Ligand SMILES: O=C(O)CCC(=O)C(=O)O
C-alpha cells in the first residue's frame, strides 16, 4: 500500500541520524514507476541519438527538471520527496541537483562529501529491482560520523572496488566484503542517506537506473556560508566528467508557471548563490 502520510516519525528520524540513512518502502506505485521508466526510455534514447549513438559512455546522467520528462520532473514538487527531506535538513533546505542516472558499471566505496559543516542528503529511487549482486546500494551504518568516517578513509576505502587497495587486497577483501547494509529494493522504494555516509554499489550492468534528489542545508552560520561558497566555486570542476547532459534548471522549470511558492523560494536561492549560473553553463 502506498503511504499516505509523508512525514517521517521520530523513530525514522532517529534511525537516519544514528545510521546515516533511512529506507522507505512502496513510496511510489508500480504505475508511477512504469511512467518514470517510460520517460526514462524516451529521454535516454533521444540523448543517445543526439550525442552518443555508439553508447561509448559508461555513465550518463541528465537533470530531472526538464519538460521532456514531466512526471519525473514533478517529483521534486511531490511531498513524498520534499516533506521528509525538509524534516531531515531543514524547512528552508534546497534541492541543488536532481538527476536521472543511467549507470554502466558499479560504484566503488566513497562518500559524496567530506565537509561536515553543511548537512546534505540524497534521496535515491532505483528503477529496477536491486539485489546484492545486481546493483543494490550499500551503506556503512554510522559512517557519517567521526571517527568511523576518518577510520574508513585511512584504511584506503575511498574508491575501493576489488583491486584498488593493496592493504585490503592483502587480506583477501573485495568491495563486496566490506561490512554494510545492502539496500535490496523494488522500484518504488526510496533510500535517503547523509552524503557523508560511505556507500557503494556492485554488480553493475548497462543502463542500471536511478533517480536522485539531493537537498542541502540553507547555510546560516559563518562556517556554513564558507562551505557553501566553496561548493559554488568547485561545482563546475566537480560535475565535469560526470557526463551530465542538458541544463540542471531548464527555463521551463525556472518559469514556475504555476507559481509554486516552494519552487519560487528554491529558484530565488539558487539564483542568489549563483547555481543557476554555474550549473546551467
Ligand atoms: O548506484 C550507485 O552506483 C551509487 C550511486 C552513488 O554513489 C551516488 O548517487 O552517490
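The values are calculated or read from the model by the stated rules, or taken from the named source; none is laboratory data. Being a predicted model, the structure only gives us computed values, none of them experimental. Neighbour counts run over all protein chains shown; Cβ positions are idealised from the backbone, glycine included.
Checking 94, 81, 124 one by one, the residue that is farther than 21 Å from residue 276 by Cβ and touching a strand residue (DSSP E or B) at 6+ places or on another chain (Cβ under 6 Å) is 124 and no other. Among the conditions (1) on the phi > 0 side of the Ramachandran plot; (2) within 14 Å of the ligand (Cβ to nearest atom); (3) modelled with pLDDT of 95 or more, the only one that residue 215 does not satisfy is (1). Scan the range 263-274 for residues that are crowded, with 17+ Cβ neighbours inside 10 Å and over 18 Å from residue 234 (Cβ atoms) and the total you get is 4.
Scan the range 40-83 for residues that are modelled with pLDDT of 85 or more and assigned to a strand (DSSP E or B) and jot them down. 61, 62, 63, listed by residue number. Looking at the range 90-110, which of its residues are farther than 30 Å from residue 70 by Cβ and touching a helix residue (DSSP H, G or I) at 6+ places or on another chain (Cβ under 7 Å)? Listed by number, the residues that qualify are 108, 109. Return the residue satisfying two criteria in turn: it lies in the range 116-136 and is surrounded by fewer than 17 Cβ atoms within 10 Å (Cβ to Cβ) and within 18 Å of residue 198 (Cα to Cα), and of such residues it is nearest to the ligand (Cβ to nearest atom). This residue is 132. Of the conditions (1) in contact with a strand residue (DSSP E or B) (Cβ under 8 Å, 6 or more places away or on another chain); (2) within 17 Å of residue 185 (Cβ to Cβ); (3) surrounded by 13 or more Cβ atoms within 10 Å (Cβ to Cβ), residue 47 fails just one. Which one is it? Residue 47 satisfies all of (1) in contact with a strand residue (DSSP E or B) (Cβ under 8 Å, 6 or more places away or on another chain); (2) within 17 Å of residue 185 (Cβ to Cβ); (3) surrounded by 13 or more Cβ atoms within 10 Å (Cβ to Cβ) except (2). The residues on offer are 207, 177, and the sole one that is more than 10 Å from the ligand (Cβ to nearest atom) and over 24 Å from residue 29 (Cα atoms) is 177. Every condition in (1) surrounded by 22 or more Cβ atoms within 10 Å (Cβ to Cβ); (2) part of a helix (DSSP H, G or I); (3) in contact with a helix residue (DSSP H, G or I) (Cβ under 8 Å, 6 or more places away or on another chain) holds for residue 87 except the one numbered (1). Residue count for the range 229-252, restricted to those that are surrounded by 15 or more Cβ atoms within 10 Å (Cβ to Cβ), at pLDDT below 75 and closer than 17 Å to residue 111 by Cα: 1.
So how many residues does the range 183-212 have that are on the phi < 0 side of the Ramachandran plot and touching a helix residue (DSSP H, G or I) at 6+ places or on another chain (Cβ under 9 Å)?
13
When the range 1-29 is filtered for residues that are over 21 Å from the mean Cα position of the chain (by Cα) and either in a helix (DSSP H, G or I) or in contact (Cβ under 8 Å) with a residue 12 or more places away in the chain (or both), the ones remaining, listed by number, are 1, 2, 3, 10, 11.
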